[in-house]
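Structure first, then comments.
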Amino acid sequence: TVCVVGMLTQPQTGKFYLEDGMHSVEVDLSEAASSKGLFTENCVVIVEGEMVGEKLCAQVLGMPPPEERKETIKVFPELGVPTHR
């Protein structure tokens, strides 16, 4: 079992992928249970499932936990307020 975070995309009708900016993997959502939330294309999700060949067969689809902006900025400082020169 693997647990991964990524952006849910659908580059072609009926084929979903999980992307992280560097990689993408096809994801089978046909057997996935989901937590509460609105799951749309291009939203960030957590997927728990099994790798079968090159495809991630999702068992559970969830939303990442919310965090305060200041916590996100600690990890990704480039998302902070731009400085003017």
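The values are calculated or read from the model by the stated rules, or taken from the named source; none is laboratory data. It should be emphasised that the depicted structure is a prediction, and the values quoted were computed from it without experimental measurement. In this analysis, Cβ positions are derived from the backbone assuming ideal geometry, glycine residues included, and neighbour counts consider all displayed protein chains. Heavy atoms of the whole protein, side chains included, go into the accessibility calculation; ligands, DNA and RNA do not. Shrake-Rupley method; radii C 1.70, N 1.55, O 1.52, S 1.80 Å.
In table form, for the structure just shown:
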read-out: Total residues in segment 12-29, condition open to solvent by 90 Å² or more (accessible area, probe 1.4 Å) and either in contact (Cβ under 8 Å) with a residue 60 or more places away in the chain or more than 23 Å from Pro65 (Cα to Cα) (or both); value: 2
read-out: Index of the failed condition, Ile73 passing every other in (1) touching a helix residue (DSSP H, G or I) at 6+ places or on another chain (Cβ under 9 Å); (2) loosely packed, with under 11 Cβ neighbours inside 10 Å; value: (2)
read-out: Residues satisfying the stated conditions in segment 30-46, i.e. of a type in the set (Gly, Ala, Ser), within 17 Å of Thr1 (Cα to Cα) and open to solvent by less than 60 Å² (accessible area, probe 1.4 Å); value: Ala32, Ala33
read-out: Cβ pairs under 9 Å, 6+ apart, first in segment 30-45 and in contact (Cβ under 8 Å) with a residue 40 or more places away in the chain, second assigned to a loop (DSSP other than H, G, I, E, B); value: Val45/Gly37; Val45/Phe39; Val45/Met63; Val45/Pro64
read-out: Some residue of segment 47-60 being exposed (fewer than 12 other Cβ atoms within 10 Å of the Cβ) and among the aliphatic types (A, V, I, L, M); value: yes
